[in-house]
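The values are calculated or read from the model by the stated rules, or taken from the named source; none is laboratory data. Keep in mind the model is a prediction, meaning the values are calculated, not measured. Here Cβ is always computed from backbone atoms with ideal geometry, including for glycine, and neighbour counts include all displayed protein chains.
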Amino acid sequence: MSLVFVTRRLPGGDVERLRAAGHQVDVWEDAAPPSAEALASRARDADALLCTLVDTVGPTLLDACPRLRVVANYGVGYDNVDVAAANARGISVSNTPDVLTDATADLAFALLLAAARRLPQTAEDVKQGRWGTWEPGGFLGHDVAGTTLGIVGAGRIGDAVARRAAGFDMEVLRTTSRGGTPLPELLERSDYVSLHVPLTPQTRNLIDADALKRMKPNAILVNTARGGVIDTDALIEALHAGTIAGAALDVTEPEPLPADHPLLSAPNVLVVPHIGSATTRTRARMTEIAVDNVLAGLAGDPLPQAVSPR
């Protein structure tokens, strides 16, 4: 009998398939994720680890878990896992791609629209009694239709956002590691910039102070990728200075943000709690895929969604 440690309660019923296959399953039941010490302790005798993006799986943890054969990461991003270190120890690593593409692209476009039309601010004005009457110059936002959207990243989610932009007659610029519109030009020409790159040493702080200065003063920055792609301090400064018009973020660094973090008091910023894949159907399907990978790894078969070191 193999032991599988699952670091969070997961939507859907597919974790039960692990038990039905004869494996012992240990699920972390607390609402908060396990600390590094708790993770190492509970995973010490595990043959498989089903983890999430908030769990750091590096050499220290891997050395503490000599029985591990598979790490199934619950999410499309896997910057929290040192894949090279795992592979060097004979451990296969997987993710849950494809299934969350549309949900995340929907959210990216929802953030873009909400920031453009100032929906959080205007909804709060209604609650606070500041909606006196209809007025020609009141509650003005930014147009979306017919504007220019810059998409940074060439993956499935970026493609899905581009398809949504087509319905708004937007000009779409793309920049990728393999070509497209150079990033400086994309930033200078775009009314909206949407980030869809993995977090790597090359993309960390990709949007820094210099990048923000290249953007239009009426531009809005959207991030549904990873918080570390943006230099947070530079973004805060740019928002206060009016260098850009606003930012709409599903991801931050750190994550979660403390309630007193200065980003939350910056003007024209919308932050939501990393909900890109947070639909009932998507999260249940992610559980199904992660369990498929665990079962394959424990059976000695190739993982259906194996990932390689970036």
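Results, tabulated for the structure shown:
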quantity	calculated
Any hit, region 190-198, residues being modelled with pLDDT under 95, within 19 Å of the chain's Cα centre (by Cα) and not aromatic (Phe, Trp, Tyr)	yes
Residues that are surrounded by 12 or more Cβ atoms within 10 Å (Cβ to Cβ) and under 30 Å from the mean Cα position of the chain (by Cα), drawn from region 124-138	Asp125
Filter result for Leu107 (out of contact with any Gly (no Cβ under 7 Å at 6 or more places or on another chain) and within 25 Å of His274 (Cβ to Cβ))	no
Scope region 228-270; condition buried (at least 22 other Cβ atoms within 10 Å of the Cβ), within 19 Å of Ile157 (Cβ to Cβ) and either of a type outside the set (S, T, N, Q) or not assigned by TED's automatic domain parsing to the domain that holds Leu195 (or both); matching residues	Val229, Ile230, Ala247, Ala248, Leu249, Asp250, Val251
Those residues of region 160-171 which are free of Cβ contacts under 8 Å to residues at least 24 places away in the same chain and surrounded by 15 or more Cβ atoms within 10 Å (Cβ to Cβ), in sequence order	Ala162
Residue count for region 6-51, restricted to those that are in a strand (DSSP E or B) and either in contact (Cβ under 8 Å) with a residue 60 or more places away in the chain or aliphatic (A, V, I, L, M) (or both)	6
Total residues in region 147-196, condition of a type in the set (S, T, N, Q) and more than 23 Å from Pro97 (Cα to Cα)	4
Any hit, region 285-303, residues being in a loop (DSSP other than H, G, I, E, B) and either within 20 Å of the chain's Cα centre (by Cα) or crowded, with 18+ Cβ neighbours inside 10 Å (or both)	yes
Helices (runs of 4 or more DSSP H) wholly inside region 56-138 that include at least 2 residues being touching a helix residue (DSSP H, G or I) at 6+ places or on another chain (Cβ under 9 Å), in the same structural domain as Leu199 (by TED's automatic domain parsing) and under 16 Å from Leu39 (Cα atoms)	none
Subset of region 172-199 (residues that are surrounded by fewer than 18 Cβ atoms within 10 Å (Cβ to Cβ), of a type in the set (Gly, Ala, Ser) and in contact (Cβ under 8 Å) with a residue 12 or more places away in the chain)	Ser177, Gly180
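A quick yes/no check of all residues on (1) farther than 30 Å from Leu298 by Cα; (2) touching a Leu at 6+ places or on another chain (Cβ under 7 Å); (3) of a type outside the set (A, V, I, L, M, F, W, C):
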site	(1), (2), (3)
Ala86	no, yes, no
Asp98	no, no, yes
Val126	yes, no, no
Arg130	yes, no, yes
Pro136	yes, no, yes
Thr176	yes, no, yes
Gly180	yes, no, yes
Leu187	yes, no, no
